[in-house]
Each structure stands twice: as structure tokens, then as C-alpha cells.
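For reference, the structure discussed in these notes is given below.
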Amino acid sequence: MKHSIFIVEDDPNIRDIVSTYLKKEGYHVSMADNAEDAWELTKEHAPNMWILDIMLPGMDGYELCKKIRQQSEVPIIIISAKDEEVDKILGLELGSDDYLTKPFSPRELVARVKRLFKRVDTSNTSNEQQDSDYYELGELKLYVDGRRVFWKGHEVEVTTKEFDMLHILIRNQNRAFAREELLALIWGEDYFGSDRAVDDLIKRLRKKIDGLPVETVWGYGYRLSSINEESE
């Protein structure tokens, strides 16, 4: 069965063109011209991916992205006329997986949609093949099967990318990873953004897990230290 995609875009021309290209690839497409209607329509039948414009009447795309991330980890692509780096970073911080600046090629958007779905499908297959073992480092525990994280005996709610980051680091304790390497491992080789996304992800993890023994390797990247946080 092909994936379903919800397009939220108030420009009817862009909405129709994107929809036409995606339908040609066999995707099931739903559309709305505002975030409020889209959110109500998908409460019972959530899509496998969202494509969001930022400049929407009423609730903007950033707010909708934030609401989606509070309940789901499905891929989100933001399309926007805003091309400043700060806008892209804000979209990524709120949980989007990709950011495409208008005007864009519909074929490029379709290629990015396929890439994201491929990554999700590959990740799901990989997770199914994992055993039920967990990784443990001091007070930090990761259960791979359920993609669950515990810190000092309490479960911590993490996003897909936050879990992927912890999984990479805890599997390779004391190994320093360059920002560019982490960017490729988590976002993919063809990710367009800057390595600031890695810093933002680490910052969110440190906020959620107070005392997380992740160390900054200045001018290079990060490593998860096996040294107890009390001795740091």
C-alpha cells in the first residue's frame, strides 16, 4: 500500500501541482488550505507524511509542525518562501525533517518525499530485526526494541532523531563523532542543512536528560563518556 500525504498550502496552484506530481507516483494525497482544517481532518486518519507551508492563514506552519510533533514522528517537509537560515533552523528545531524554499521544482520535492519514506521504511525494517537487548551506561538505559529511553529509573519521552542520536552514541561509548558524521548518520547523506542541527539536537537532549554524560569535543563534535556524571 502506498503512503498517504497531507498537503497544507494556501496557494491553490502550488497545492494542485504538488498533488498532481505525488499522485503520479502512486501516493494517496489529501489537501487543506489552512492548518486548523487539516488538523481536524487528520485526527482520526493521520497521514504518513505532512507537507506544510509556513505562511498560512490563522495557525501558521510552525505551530502546526509543533502540534504534529507532540503526537507523532511521521516525516514533515516544510515548503516556504522564507529562505533565511534562521527560518530553516526554526523549522528543524520544531521537528521538521526537511525544508524546501519556494520556488522549487516539483520533481525535487517528490525526490525528497521518496528519500524520507525510504529512510523511515529502512529504519522500521532495521528495528524489527533488532533483538530485545538494551544498552546501559550508568543511569542511562536504551531499549532498542521499543525505542524507549530511561534515565535514573524514569522514562524520558524522546523524538525519533533524539533516540537515533543516543543510540549512535551509546553504541560507541567514548568515541568522538564529528558533527558532519552525525549529520549524515541521522539526517542522511544528502541533507541540505548546516551542522547546527546536530548542536540543536544535543541541546534538546541535555535539557530533557539533566546530567547526560555527553561531552562536547570542541571544534569537532560529541562523544558519550562512560565517566559518571558525578566525576565530571
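The values are calculated or read from the model by the stated rules, or taken from the named source; none is laboratory data. Keep in mind that this is a model prediction, so the values were computed, not measured. Methodologically, a virtual Cβ is constructed for each residue, glycine included, from the backbone with ideal geometry; neighbour enumeration extends over all protein chains shown. To get the accessible areas, we keep the full protein, side chains included, count just its heavy atoms, and leave off ligands, DNA and RNA. Shrake-Rupley method; radii C 1.70, N 1.55, O 1.52, S 1.80 Å.
When the residues of the stretch 34-58 are filtered to those that are open to solvent by 40 Å² or more (accessible area, probe 1.4 Å) and not in a helix (DSSP H, G or I), which remaining residue is nearest to PRO103 (Cα to Cα)? Before the answer, list the steps.
From the stretch 34-58, those open to solvent by 40 Å² or more (accessible area, probe 1.4 Å) are 36-37, 40-41, 43-46, 48, 55, 57-58; that's our starting set.
Okay, now just the ones that are also not in a helix (DSSP H, G or I), so 43-46, 48, 55, 57-58.
On the way: LYS43: 30, GLU44: 32, HIS45: 30, ALA46: 28, ASN48: 24, MET55: 14, PRO57: 20, GLY58: 23 Å.
So the residue we want is MET55.
Quickly run through the stretch 61-75 and pick out the residues that are at pLDDT 90 or above and open to solvent by 60 Å² or more (accessible area, probe 1.4 Å).
Selection gives GLU63 alone.
Does any residue in the stretch 158-178 that is on the phi > 0 side of the Ramachandran plot come within less than 8 Å, Cβ to Cβ, of a residue that is open to solvent by less than 30 Å² (accessible area, probe 1.4 Å) and aliphatic (A, V, I, L, M) six or more places away or on a different chain, and which pairs are these?
That search, which allows pairs on different chains as well, returns ASN174/LEU224.
Of all residues being of a type in the set (A, V, I, L, M, F, W, C) and outside any helix (DSSP H, G or I) in the stretch 95-144, which is modelled with the lowest pLDDT? Just the residue, please. Please lay out each step first, then the result.
So the first thing to find is which residues in the stretch 95-144 are of a type in the set (A, V, I, L, M, F, W, C), and the list is 100, 104, 109-111, 113, 116-117, 120, 137, 140, 142, 144.
Now narrow it down to the ones that are outside any helix (DSSP H, G or I): 100, 104, 137, 140, 142, 144.
Working: LEU100: 88, PHE104: 90, LEU137: 88, LEU140: 92, LEU142: 91, VAL144: 83.
Among residues in the stretch 95-144 that are of a type in the set (A, V, I, L, M, F, W, C) and outside any helix (DSSP H, G or I), the one modelled with the lowest pLDDT is VAL144.
Looking only at the stretch 175-232, which residues are modelled with pLDDT under 90, open to solvent by 50 Å² or more (accessible area, probe 1.4 Å) and either in a strand (DSSP E or B) or small (Gly, Ala, Ser) (or both)?
If the condition is that a residue be modelled with pLDDT under 90, open to solvent by 50 Å² or more (accessible area, probe 1.4 Å) and either in a strand (DSSP E or B) or small (Gly, Ala, Ser) (or both), then GLY219, SER226, SER231 are the ones that fit.
Go through the stretch 12-28 and report how many residues are over 22 Å from ALA81 (Cβ atoms) and surrounded by fewer than 20 Cβ atoms within 10 Å (Cβ to Cβ).
If we filter the stretch 12-28 for residues that are over 22 Å from ALA81 (Cβ atoms), which is where we start, we get 23-28.
This time we only want the ones that are surrounded by fewer than 20 Cβ atoms within 10 Å (Cβ to Cβ), so: 23-26, 28.
So the count comes out to 5.
Kindly establish whether MET31 is part of a loop (DSSP other than H, G, I, E, B) and either out of contact with any Gly (no Cβ under 6 Å at 6 or more places or on another chain) or over 23 Å from ARG147 (Cβ atoms) (or both).
In short, no.
Against the definition (in contact with a Lys or Arg (Cβ under 9 Å, 6 or more places away or on another chain) and either in contact (Cβ under 8 Å) with a residue 12 or more places away in the chain or polar (S, T, N, Q) (or both)), how does ASP87 come out, yes or no?
For ASP87, the condition - in contact with a Lys or Arg (Cβ under 9 Å, 6 or more places away or on another chain) and either in contact (Cβ under 8 Å) with a residue 12 or more places away in the chain or polar (S, T, N, Q) (or both) - is not met.
Does LEU92 satisfy the condition of being at pLDDT 90 or above, in a helix (DSSP H, G or I) and surrounded by 17 or more Cβ atoms within 10 Å (Cβ to Cβ)?
So LEU92 fails the test.
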